[in-house]
Each structure stands twice: as structure tokens, then as C-alpha cells.
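For reference, the structure is listed below as C-alpha cells.
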Amino acid sequence: QVQLLESGGGSVQAGGALRLSCAPSERTSSRDPMGWFRQPPGKEREFVAAITSSGADTFYDASVKGRFTISRDNAKNTVYLQMNNLKPEDTAVYYCAGDPDGNYRDAADWGYWGQGTQVTVSS
């Protein structure tokens, strides 16, 4: 099973930006649809964004639309999440996921995950 590694998390002030990256820990020819989820402190994991295999289509939760951008570079086997105009409510552990089966907004429908990277936004 594919293992994913996220990077790029950190601490920023409100209004700042971060770019998260996600890549498999080993070489793979997989071109699965990919997604980002987040888990705020004390809450359940929630959908953030998803992207199709080709990158032609993207999907966002309403809370991040217009501020976050998901993209992928299939030549580098990497998925990105550009996060702009960050807000304190964006504070969470961010997880990368691959291979959805069914409802891409449901964390239970994704096949494999990374370990997560912490994003902290202060006011």
C-alpha cells in the first residue's frame, strides 16, 4: 500500500500563507485522485480539497474555497495545497490521502493516508 509523506506545515500569523506538499515515500506509478483533509483539535477529520488524476478537476470545501488551491505535478508525483489568507480556524493537522472510493468528501472512503503535518495559525 502506498505510504504518503506530507511536509510544509508550520506556524503563521493570520493572513499568512503556507504550501503543503505530499509525495509517496517510495517510487510509484500510481496516478490516483488525491485529496487533503484536516483535523482541528478535538474535532473529526474533515474534507478540505481533492484533485482528479489528471489535475483537470478540483473540489473544495466551502470554508477554504477562494483561499486554498490544490494542484499536482505528476512528473514529480507530488500533490500541493497552497493556503493563502490563513485564519485561526484553519489550525489543524493536515493529512494527504489517495485513491477515493465513492464519496470523496468522506474520509472513510479514501484508501491510504499520510501521517499528517501541523498547521497553526495565530491571531
Checklist entry - Yes or no: Ala50 at pLDDT below 95 and either within 22 Å of Asp73 (Cβ to Cβ) or under 11 Å from the mean Cα position of the chain (by Cα) (or both)? => result no
Next on the checklist: Residue under question is Asp61, and the condition is that it be more than 22 Å from Leu5 (Cα to Cα) and either of a type in the set (Gly, Ala, Ser) or surrounded by 15 or more Cβ atoms within 10 Å (Cβ to Cβ) (or both); does it hold?
Outcome noted: yes
Checklist outcome for this item: Note on region 88-111: residues open to solvent by 20 Å² or more (accessible area, probe 1.4 Å), in a strand (DSSP E or B) and of a type in the set (Ser, Thr, Tyr) are Tyr95
Item to check | Filter result for Ala50 (open to solvent by less than 30 Å² (accessible area, probe 1.4 Å), hydrophobic (A, V, I, L, M, F, W, C) and either within 18 Å of Ala107 (Cα to Cα) or in contact with a Pro (Cβ under 6 Å, 6 or more places away or on another chain) (or both)) | outcome: yes
Checklist entry - Quick check: anything in region 5-14 among the β-branched types (Val, Ile, Thr) and either farther than 22 Å from Val121 by Cβ or part of a loop (DSSP other than H, G, I, E, B) (or both)? => result no
Checklist entry - Within region 26-49, how many residues are more than 18 Å from Val93 (Cβ to Cβ) and touching a strand residue (DSSP E or B) at 6+ places or on another chain (Cβ under 6 Å)? => result 2
Item to check | Test: residue in region 95-109 that is in contact (Cβ under 8 Å) with a residue 12 or more places away in the chain, more than 22 Å from Arg31 (Cα to Cα) and among the hydrophobic types (A, V, I, L, M, F, W, C) | outcome: no
Checklist entry - Any idea which of (1) farther than 17 Å from Gln3 by Cβ; (2) outside any loop (DSSP other than H, G, I, E, B) is the one Ser21 doesn't satisfy? => result (1)
Next on the checklist: Looking for something within 14 Å of Gly114 (Cβ to Cβ), at pLDDT below 95 and either open to solvent by 40 Å² or more (accessible area, probe 1.4 Å) or part of a loop (DSSP other than H, G, I, E, B) (or both) - is there at least one such residue anywhere in region 70-85?
Outcome noted: yes
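The values are calculated or read from the model by the stated rules, or taken from the named source; none is laboratory data. Model, not experiment: these values are computed from the prediction. No Cβ is skipped: glycine too gets one built from the backbone with ideal geometry, and neighbour counts run over all protein chains shown. Only protein heavy atoms, including side chains, enter the accessible area calculation; ligands, DNA and RNA are left aside. Shrake-Rupley method; radii C 1.70, N 1.55, O 1.52, S 1.80 Å.
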